[in-house]
Amino acid sequence: MVVSEVIERLDLDVLAQGADRPVTGGYVADLLSDVIANAAEGDVWITVQQHLNIIAVAQLKKVAAILLPAGSKPAQSVIDRAGAEGIPLLLGKVGAFELCGRLHALLQKPNEP
């Protein structure tokens, strides 16, 4: 699965376009040091953080996209930086808990529970 499929299937708004990278998992955290230590390349990172540092962390970890829950729209400077760096910055229409569940269900293999 790639980012564009996640956008379509989860009905996400695109704040900043980026590379249509493969999505291999998800990671949910708001503490940047936790993301740096534990997120994997290809994860969709779900966070309520809205500052410029999320773009730097996303680049460092090579996440597939940053997904913000409903109500977490960042400043235009963050959106512009994400676009300039080629990192998809996405906005959900529902809260973080529901986004996590929907992403998890979407990424399940057919034979997994």
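Quick notes on this structure:
- Checked against the criterion of being under 23 Å from Gln108 (Cβ atoms), in contact with an Asp or Glu (Cβ under 9 Å, 6 or more places away or on another chain), touching a residue at least 40 places away in the same chain (Cβ under 8 Å) and assigned to a strand (DSSP E or B), the range 89-96 contains one or more residues that satisfy it.
- Figure legend. Inter-residue proximity from the range 66-84: first residues within 12 Å of Ile54 (Cα to Cα) and modelled with pLDDT of 95 or more, second residues crowded, with 17+ Cβ neighbours inside 10 Å and among the polar types (S, T, N, Q), beta-carbon distance below 7 Å, spacing 6+ or different chains. Indicated pairs: Ile66/Thr47; Leu68/Thr47.
- Scanning the range 36-60 for residues that are outside any loop (DSSP other than H, G, I, E, B) and either over 12 Å from the mean Cα position of the chain (by Cα) or of a type in the set (S, T, N, Q) (or both) gives Ile36, Ala37, Asn38, Asn53, Ala56, Gln59, Leu60.
- When residues in the range 26-35 are screened for being hydrophobic (A, V, I, L, M, F, W, C) and assigned to a helix (DSSP H, G or I), 2 of them pass.
- Pair list, Cβ < 9 Å and 6+ apart or interchain, from the range 41-65 residues that are hydroxyl-bearing (Ser, Thr, Tyr) to residues that are modelled with pLDDT of 95 or more and exposed (fewer than 15 other Cβ atoms within 10 Å of the Cβ): Thr47/Asp30
- Hey, Ala19 of a type outside the set (Phe, Trp, Tyr), at pLDDT below 95 and surrounded by fewer than 19 Cβ atoms within 10 Å (Cβ to Cβ) or not: yes
- Of note, Ala82 does not satisfy the criterion of being touching a Lys or Arg at 6+ places or on another chain (Cβ under 9 Å) and farther than 17 Å from Ala96 by Cβ.
- Taken over the range 61-79, residues that are part of a helix (DSSP H, G or I), closer than 20 Å to Val3 by Cβ and out of contact with any strand residue (DSSP E or B) (no Cβ under 6 Å at 6 or more places or on another chain) amount to 2.
The values are calculated or read from the model by the stated rules, or taken from the named source; none is laboratory data. From a predicted model like this one, the values you see are computed outputs, not experimental measurements. Glycine gets a Cβ as well: all are built from the backbone with ideal geometry, and neighbour counts include every protein chain shown.
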